[in-house]
Amino acid sequence: MFGRRKIAAIVAEFLGAGVLTTIILSVQHSGIGYPLFVAAAVGLAFLVLSFTVGDASGGQFNPAITIGQWTAGKLATFTAIVYVIAQLLGGWLAYYLYTYLVNNHLGAVGGHFSGRILASEAVGTGVFAFIFTATVYRGASRAVTATFAGLGLTIGSLVASAGALGLLNPAVALGVRAWVWGTYVLGPVIGAIVGTQLYRLFFAEEEGGFLPNFSMASFSTTEVVISKPAAKPKTAKKTAAKKKK
């Protein structure tokens, strides 16, 4: 059975990916669609989203980051699959929302495979994933996590914009019509795995800060907490027995 917390986690990842996609589309197709403004806008949006709904799911909003956290053992396999589906769906629907609002359709912008684009997206996502993983392992507060993750996304996007669009997110790539397997999909996934593992292997001191998880079985069961009756204190009985003697 779907519990409120599980539904909230899925909705958070869906909304997060959708809002990030809409923000990038809006800034890219505006008069200030420069890499710096795109990176700043998406970083700020990520910060706000992470602060508001991040506690429900861990605040990833990105299939590449989800896969990276899964490789580090921070997410169960079923949880990661559900998150990725929700994120991709959010990015896909964001395209239709944006085109409806502007009353115009957008053409594909992904181009063809390019090693330079692949490397750019991988390096940029690696920077973002490294910083995001640091917040997970340190178990920081939601405000601190949101702030540093948002700044990490801004920095990573700027790094990637040197040779690519700086999307760093397959769900966003789907929404902005840049879905190219060898670049804007594979690049972020490779970068996220490398960045996550780099922090985990060399800088993580302890296994802390696990992200919210739910298993496949938990969707069909109801969580029931049974409290055991408190044990009766034995001190009073011993005292009474001594008095009788």
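Here the condition is being surrounded by fewer than 20 Cβ atoms within 10 Å (Cβ to Cβ) and either in contact with a Lys or Arg (Cβ under 8 Å, 6 or more places away or on another chain) or under 21 Å from ALA56 (Cβ atoms) (or both); of ALA164, ALA129, ALA143, it holds for ALA143 alone.
With respect to (1) part of a helix (DSSP H, G or I); (2) hydrophobic (A, V, I, L, M, F, W, C); (3) out of contact with any helix residue (DSSP H, G or I) (no Cβ under 6 Å at 6 or more places or on another chain), the lone exception for ILE65 is condition (3).
Take VAL123 and decide whether it is among the β-branched types (Val, Ile, Thr), over 21 Å from PHE51 (Cβ atoms) and at pLDDT 95 or above.
Working: among the β-branched types (Val, Ile, Thr): yes; over 21 Å from PHE51 (Cβ atoms): yes; at pLDDT 95 or above: yes.
For VAL123, the condition - among the β-branched types (Val, Ile, Thr), over 21 Å from PHE51 (Cβ atoms) and at pLDDT 95 or above - is met.
Each row is one residue, and each column tells you yes or no for (1) without any contact (Cβ under 8 Å) to a residue 40 or more places away in the chain; (2) under 19 Å from ALA192 (Cβ atoms).
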{"residue": "ILE85", "(1), (2)": "yes, yes"}
{"residue": "TYR98", "(1), (2)": "no, no"}
{"residue": "THR125", "(1), (2)": "no, yes"}
{"residue": "TYR137", "(1), (2)": "no, yes"}
{"residue": "THR154", "(1), (2)": "no, yes"}
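Please find, among ALA9, ALA39, the residue that is aliphatic (A, V, I, L, M) and either within 14 Å of the chain's Cα centre (by Cα) or at pLDDT below 95 (or both).
Only one candidate qualifies: ALA9.
For segment 141-152, the criterion of being of a type outside the set (D, E, K, R) and more than 22 Å from VAL53 (Cβ to Cβ) is satisfied by no residue at all.
When you look at GLY43, is it of a type in the set (Gly, Ala, Ser), assigned to a helix (DSSP H, G or I), out of contact with any Pro (no Cβ under 7 Å at 6 or more places or on another chain) and closer than 23 Å to LEU198 by Cα, yes or no?
Spelling it out, GLY43 is indeed of a type in the set (Gly, Ala, Ser), assigned to a helix (DSSP H, G or I), out of contact with any Pro (no Cβ under 7 Å at 6 or more places or on another chain) and closer than 23 Å to LEU198 by Cα.
Could you tell me whether GLY152 is at pLDDT below 95 and on the phi < 0 side of the Ramachandran plot?
no
Filtering PHE46, PHE61, PHE78, PHE37 for residues that are under 18 Å from THR147 (Cα atoms), surrounded by fewer than 18 Cβ atoms within 10 Å (Cβ to Cβ) and of a type in the set (A, V, I, L, M, F, W, C) leaves a single hit, PHE37. Return a yes/no flag: does segment 190-199 have any residue that is under 17 Å from ILE23 (Cβ atoms), under 14 Å from the mean Cα position of the chain (by Cα) and among the small types (Gly, Ala, Ser). No - not one qualifying residue is present in segment 190-199. Please work out if SER120 is surrounded by fewer than 22 Cβ atoms within 10 Å (Cβ to Cβ) and either closer than 13 Å to GLY58 by Cα or of a type outside the set (A, V, I, L, M, F, W, C) (or both). Against the criterion (surrounded by fewer than 22 Cβ atoms within 10 Å (Cβ to Cβ) and either closer than 13 Å to GLY58 by Cα or of a type outside the set (A, V, I, L, M, F, W, C) (or both)), SER120 does not qualify.
The values are calculated or read from the model by the stated rules, or taken from the named source; none is laboratory data. As the structure is a computational prediction, the values presented were derived from the model and not from experiment. We place every Cβ from the backbone using ideal geometry, glycine too, and count neighbours over all the protein chains shown.
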